[in-house]
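Visitor: Next up is a structure, given as structure tokens.
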Amino acid sequence: MYLKIYPLNSVVLHEYKEFVTKLRKEIETKMGLAASQARLLTITARKSDCEFQSMRYSHEKIALSRSMTDLSNEYQNSLEQTKLVYDYYGTGDETTPLSYGLLMTPSQLNGYLPTLITDASGKAVLSSQYAAAAKAAGIPQEGLGCLPSSDVRNKFIQAMADNGLITQQSADTYMGIQYAQSMGMGTTDLVTTEVKEMTLSELLEYYSSGEYGGETLYQYNKDALKSALQNGRLNEVQIRNGAETSNLADTNLSLADIISGDYQILCKLNYEKKDDRWSHIGSLATNLGNLDIWDWMFSEFESLLSVSSDPNVAAAIQYAETQTSKLLDKEQGYAFQLKGEKTKEKSGWEGVINCMNAASSQKDGHTWSGALFQHRDDGKYATSDYLGITCYYNDKPAKRNRADGVSIDVSNIAKAYLTYFAQAMEGLSTSEYKVSDVVNNRTVADSHLIDDQFVFNIVTETGVNTDQALISGFYDSIFNQICTRGWVENNNVTDNDYMQEMLKTGKFFLATCADDGYYYQGNYSTNTYIREITDEEAIAKAEAKYNTEKQKLNQKEEVLDLKMKNLDTEISSLTTEYDTIKSVISKNIEKSFKRYDA
């Protein structure tokens, strides 16, 4: 194939130039079209991004509008905000906010009477410190259902010191003050007395020193036994302490004398052989058990040992009196022993106490005077070995030499009473103290009678500081309420705002001591010392917060408005440019079609 080359002339050259020019324009048009389309896509993407940002800013403005609404509602609500204040003196004071510490700490502001925060079930709401003290004292959350002994109360007081509620010095002082068990349980009166711990020796010294102030002496009424016997068969009643013997009517006895000594009441009968000796002995034994010395003794013990309103002490006193009375009862307390080797027990006389020993020797100087005869003592009384009434019956008496009689060791009876008391206080199943219960042989040797190892809590009048007594009574009131009501622990109750909110919403209540001395649960609005007032300080804080937050929201809204305005301007510009480029592309396409159509 050969290329033919034609010579260029002016016509051909002109046509060639036109061709090249058209080709260049077509290329430029196509290249311009591609560039315009790329620009159009860029504008479209940017415009979409701007519209998305504008929509996001619009949503943020809506959110700001909601925040503004919430802020306005919060502010409007705060205008009705109230607080609880405590005005004990009724002077209109609004400066003392109601707090857990104010209600549960003794002071003149609460009149030394606690007001308890309680839940809907009536249980006391305790802070972590008070709850720890309740746990240490062994008080379950459901309560004890009763009031315990002073020992449990003292554990509670000590635990308060251990947990920082009071000082150890204060705890020692309060534990030395009588437990006010009736505080909040029917009374608000305090007894300003002190409780001292004493051994038996210290107790006797205290009783006889005059410091006690309640000591009385026993004086025998000789008609108390003699009038009960027919035909005057009772001779003079004697009292023996060791080797000393005197007429009971001539002796004044104190409780301390009896316990520290070995006092025995001795009664010998005077009758003729034909008399019914058994009947006289039985009658004398019965009346000796009913002698007024026992009522006097029980009364002295009760006055000395009673710790006011302590049910455990009261129960121990009752137990001691009941058990001791059995030693004095004819059907429960004693039997007979005959002189010499032959012994027998009188039928129908059930008992656990052996009778007196008898020695077959006469002793000068121990005479008993009677209406008809003079008799010598034909026996030796060994009453101090036994607990309860002992009886002596001479199996072969001479008409004028009989030694029938009845005796009792008063000192042993007093010690038995204190032993029964110690048993009850320590626990009947655990105490080492005991009174012999061996049938027909209730002896001192088989017993473990009271000694100095037992410690008595004795109420003394020694001028306790009034303020200390008031504070002690305050904590006793709290203790009594959590024992009877039960308790729950709430660590947030010491936060004033939390506690007041719980009270105002009805989730917490107040237990307040009324005029009758009992605690009653009610709403805070029923408490005469608590008032609900407008919380001006809180309102001022809420207003300041509202203004600050409102300003922040307005600033955010202004920023958003500016951003949205800029986006609107940019979107408008992009739209114009978009329309222009789109028009150029349309025209280029139109030219291309026309060119090819030609």
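Visitor: Only one residue in Tyr16, Tyr6 is surrounded by fewer than 13 Cβ atoms within 10 Å (Cβ to Cβ), part of a helix (DSSP H, G or I) and modelled with pLDDT under 80. Which one?
Guide: Only one candidate qualifies: Tyr16.
Visitor: If you don't mind, another one. Output the number of residues of segment 441-461 satisfying the condition of being in a loop (DSSP other than H, G, I, E, B), farther than 25 Å from Thr390 by Cα and β-branched (Val, Ile, Thr).
Guide: Counting residues in segment 441-461 that are in a loop (DSSP other than H, G, I, E, B), farther than 25 Å from Thr390 by Cα and β-branched (Val, Ile, Thr) gives 1.
Visitor: If I filter segment 417-440 down to residues being in a loop (DSSP other than H, G, I, E, B) and surrounded by 16 or more Cβ atoms within 10 Å (Cβ to Cβ), which single residue comes out as modelled with the highest pLDDT?
Guide: Tyr433
Visitor: Give me a count of the residues in segment 56-74 that are of a type in the set (Ser, Thr, Tyr) and closer than 13 Å to Lys563 by Cβ.
Guide: 2
Visitor: Can you give me the number of residues within segment 238-276 that are touching a Leu at 6+ places or on another chain (Cβ under 7 Å), surrounded by fewer than 19 Cβ atoms within 10 Å (Cβ to Cβ) and at pLDDT below 80?
Guide: 0
Visitor: Still on this model: Output the residues belonging to segment 66-104 that are over 30 Å from Ile478 (Cβ atoms), of a type in the set (Ser, Thr, Tyr) and surrounded by 12 or more Cβ atoms within 10 Å (Cβ to Cβ).
Guide: Ser67, Ser72, Tyr75, Ser78, listed by residue number.
Visitor: Oh, and also: So for segment 63-81 (the condition being closer than 30 Å to Asp467 by Cα and in contact with a helix residue (DSSP H, G or I) (Cβ under 8 Å, 6 or more places away or on another chain)), does at least one residue qualify?
Guide: no
Visitor: Moving on. The conditions are (1) assigned to a loop (DSSP other than H, G, I, E, B); (2) closer than 30 Å to Val406 by Cβ; (3) modelled with pLDDT under 70; (4) in contact with a helix residue (DSSP H, G or I) (Cβ under 9 Å, 6 or more places away or on another chain), and Leu225 fails exactly one of them. Which is it?
Guide: Exception for Leu225: condition (1).
The values are calculated or read from the model by the stated rules, or taken from the named source; none is laboratory data. These numbers were taken from a predicted model, which means no experiment stands behind them. Neighbour counts are summed over all protein chains in view; Cβ atoms, including those assigned to glycine, are modelled from backbone coordinates with ideal geometry.
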